[in-house]
């Protein structure tokens, strides 16, 4: 189904098209990977709402990215319950093995590393979200195994058409 | 021994499917509600059960429902608060992932009671599996006639839509959630008017937490006396407790409301890791003031915890052991509130920014004389002066940390380092 059709279908759930902006942005981000200006404008045009309303939401909510992120966005929770179970050690390890700092993206465009506020999965702390999936009870060995699995999904990362590879859970 | 009701299906294979839910007696409450009770009778049942909202505030649910005008020119809405952003809290996610029909049934009965034909589940966008399972449950329920037009042969029509949030803690505040649902930045609204009178699209709206709504089918099926027979009289019923942090068996526990915090942490969740001692427990998510270990003999219910100077909140119980620096914990909590401040009011937006800077300085061993007084002053300036409870939650939590663990803050300043490193 085309993006426009998906957005129009989502918008039918609301008596006011403005309510559909957030669902539309989630659909658009899934489609494009992030939300550059032209995509925000397209969303506004499809819904027939003010463009500024769309910009307002895209820049307020943390799940929306107006800048590109890597194919695999590693979102490590470092809120209290994860912190108490040593998520900071995992962050240091991830920074070392990926060669990037928090907030950065690897040169091959594969990984973006972020820390996030509570993921609501404190029973399996420390936890990280990658794409749609939660990975819990993490330690350094599990992190390494996860990175290896993700890399294996993109066999020739350096020259591959990364846009053609779906993140895990898709 | 207490037998779980709300979590009955969560560890059952295919607990998320309609067939499993029905096999365990699911949708019996909806049948009974529609065939044996008027909407007013359902509200009365819930009032008699003394169900208090499980989202944090503990407001009586039946009373909240009774505020909805009987006659209204506009459609009435039911909103389920499934945003669950309070650190330490994960109960609603597990219910929606593993037993979503319980929520669908609870919403259908609740909507019948208040006269709503449309509901939105505002669920945090990170909860992808819960979203999928809930959407699947809604489709199954619709196909079976539990949702849609003329439900179970009655004249009750009801649809449920899932609305995904996008990562803003403030959406857990009910009026900010309504703004978000209307496609705006999530910022709290001035009350009154309260949502029951003018909520979503300025229509009468009831907003209930997931856990509150999943209590409803059981109250209808088993009766209010059954519900009142569990836990303390003023806040009865089954309760979901989320236990995390430095404890041997973190997890979701269903036990009676009012169970002693010490019993929950030490007996059910296994206590601290070997060789360590419990230092403190945050009983209700990071908004709830911390309790030092000697205070753990308190009942986990709204009134007992309020009397102990803290609150039940989301029942997100976070255990801290004696190897942990309380300045670090306090700093991380305030960093969270600072990050999540919606920016609407100055005491929260600017005050928390200031508090974070002072705390980070102290934690790094760069605290200055007068920092403690400054933190006290900032708490005073924030508490009671913010537009919504986010600032209050931050200030209350910090005040408790400063009161109970003041010597750790002072040690950081005097020794010019963290004593735990």
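Output the number of residues of the stretch A:23-32 satisfying the condition of being over 13 Å from residue A:65 (Cα atoms) and within 9 Å of chain B (Cβ to nearest Cβ).
Going through the stretch A:23-32 one residue at a time, the tally reaches 1.
Name every residue in the stretch B:302-321 that is surrounded by fewer than 24 Cβ atoms within 10 Å (Cβ to Cβ) and either assigned to a loop (DSSP other than H, G, I, E, B) or within 13 Å of the chain's Cα centre (by Cα) (or both), in order of residue number.
The answer is B:302, B:308, B:309, B:311.
Considering only residues of the stretch B:164-174 that are surrounded by 23 or more Cβ atoms within 10 Å (Cβ to Cβ) and over 30 Å from residue B:144 (Cβ atoms), which is farthest from the other protein chains (Cβ to nearest Cβ)?
Among those that are surrounded by 23 or more Cβ atoms within 10 Å (Cβ to Cβ) and over 30 Å from residue B:144 (Cβ atoms), it is B:174.
Determine which single condition residue B:288 fails, assuming it passes every other condition in (1) over 17 Å from residue B:403 (Cβ atoms); (2) within 14 Å of chain A (Cβ to nearest Cβ).
For residue B:288, the exception is condition (1).
Go through the stretch B:242-280 and count every residue that is in contact with a strand residue (DSSP E or B) (Cβ under 8 Å, 6 or more places away or on another chain) and either in the same structural domain as residue B:48 (by TED's automatic domain parsing) or assigned to a loop (DSSP other than H, G, I, E, B) (or both).
Total satisfying the criteria: 13.
Would you mind stating whether residue B:3 is under 24 Å from the mean Cα position of the chain (by Cα), without any contact (Cβ under 8 Å) to a residue 24 or more places away in the chain and not in a strand (DSSP E or B)? Outline the logic, then answer.
Working: under 24 Å from the mean Cα position of the chain (by Cα): yes; without any contact (Cβ under 8 Å) to a residue 24 or more places away in the chain: yes; not in a strand (DSSP E or B): yes.
It is true that residue B:3 is under 24 Å from the mean Cα position of the chain (by Cα), without any contact (Cβ under 8 Å) to a residue 24 or more places away in the chain and not in a strand (DSSP E or B).
Residue-by-condition table, conditions (1) farther than 26 Å from residue B:179 by Cα; (2) in contact with a helix residue (DSSP H, G or I) (Cβ under 8 Å, 6 or more places away or on another chain); (3) surrounded by fewer than 19 Cβ atoms within 10 Å (Cβ to Cβ):
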{"residue": "B:327", "(1), (2), (3)": "yes, yes, no"}
{"residue": "B:331", "(1), (2), (3)": "yes, yes, no"}
{"residue": "B:338", "(1), (2), (3)": "no, yes, no"}
{"residue": "B:363", "(1), (2), (3)": "yes, yes, no"}
{"residue": "B:371", "(1), (2), (3)": "yes, yes, yes"}
{"residue": "B:375", "(1), (2), (3)": "yes, yes, no"}
{"residue": "B:390", "(1), (2), (3)": "no, yes, no"}
{"residue": "B:393", "(1), (2), (3)": "no, yes, no"}
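Quick one: in the stretch B:295-349, of everything that is without any contact (Cβ under 8 Å) to a residue 60 or more places away in the chain and in contact with a strand residue (DSSP E or B) (Cβ under 8 Å, 6 or more places away or on another chain), which residue is nearest to the other protein chains (Cβ to nearest Cβ)?
B:322
Could you check residue B:275 against (1) crowded, with 16+ Cβ neighbours inside 10 Å; (2) more than 11 Å from every other protein chain (Cβ to nearest Cβ) and say which number it fails?
(1)
Report whether or not residue B:189 is modelled with pLDDT of 95 or more and assigned to a loop (DSSP other than H, G, I, E, B). Walk me through it before giving the result.
On the way: modelled with pLDDT of 95 or more: yes; assigned to a loop (DSSP other than H, G, I, E, B): yes.
Yes.
Identify, by number, the condition in (1) surrounded by fewer than 24 Cβ atoms within 10 Å (Cβ to Cβ); (2) modelled with pLDDT of 95 or more; (3) in contact with a helix residue (DSSP H, G or I) (Cβ under 7 Å, 6 or more places away or on another chain); (4) not in a strand (DSSP E or B) that residue B:234 doesn't meet.
(2)
Looking only at the stretch B:196-212, how many residues end up being touching a helix residue (DSSP H, G or I) at 6+ places or on another chain (Cβ under 8 Å), more than 14 Å from every other protein chain (Cβ to nearest Cβ) and either free of Cβ contacts under 8 Å to residues at least 60 places away in the same chain or under 13 Å from residue B:237 (Cα atoms) (or both)?
1
Taking residue B:182 as meeting all but one of (1) crowded, with 20+ Cβ neighbours inside 10 Å; (2) over 18 Å from residue B:208 (Cβ atoms); (3) in contact (Cβ under 8 Å) with a residue 12 or more places away in the chain; (4) facing chain A (nearest Cβ under 8 Å), write down the number of the exception.
It fails just one condition, (1).
Is one or more of the residues making up the stretch A:42-52 more than 9 Å from chain B (Cβ to nearest Cβ), over 19 Å from residue B:182 (Cα atoms) and assigned to a helix (DSSP H, G or I)?
yes
Evaluate the following for residue A:141: is it within 14 Å of chain B (Cβ to nearest Cβ) and over 17 Å from the mean Cα position of the chain (by Cα)?
So residue A:141 fails the test.
Step by step: first the residues of the stretch A:109-132, then only those that are touching a helix residue (DSSP H, G or I) at 6+ places or on another chain (Cβ under 8 Å) and farther than 17 Å from residue A:82 by Cα, then the one that is nearest to the other protein chains (Cβ to nearest Cβ). Which residue is that?
Applying the filter and picking the extreme gives A:132.
Residue B:29: at positive phi and in the same structural domain as residue B:171 (by TED's automatic domain parsing), yes or no?
When the stated conditions are applied, residue B:29 does not pass them.
Could you figure out which of (1) surrounded by fewer than 24 Cβ atoms within 10 Å (Cβ to Cβ); (2) touching a residue at least 60 places away in the same chain (Cβ under 8 Å); (3) assigned to a strand (DSSP E or B) isn't true of residue B:161?
Condition not satisfied by residue B:161: (2).
Of the residues A:80, A:54, which is buried (at least 22 other Cβ atoms within 10 Å of the Cβ) and assigned by TED's automatic domain parsing to the domain that holds residue A:151?
A:80
Quick one: residue B:211 ticks every box in (1) under 26 Å from residue A:123 (Cα atoms); (2) more than 21 Å from the chain's Cα centre (by Cα); (3) not assigned by TED's automatic domain parsing to the domain that holds residue B:316 except a single one, so which number is it?
(2)
The values are calculated or read from the model by the stated rules, or taken from the named source; none is laboratory data. Quantities reported herein were computed from a predicted structural model and do not represent experimental measurements. Counting neighbours? That spans all protein chains shown, and the Cβs are built from the backbone with ideal geometry, glycine included.
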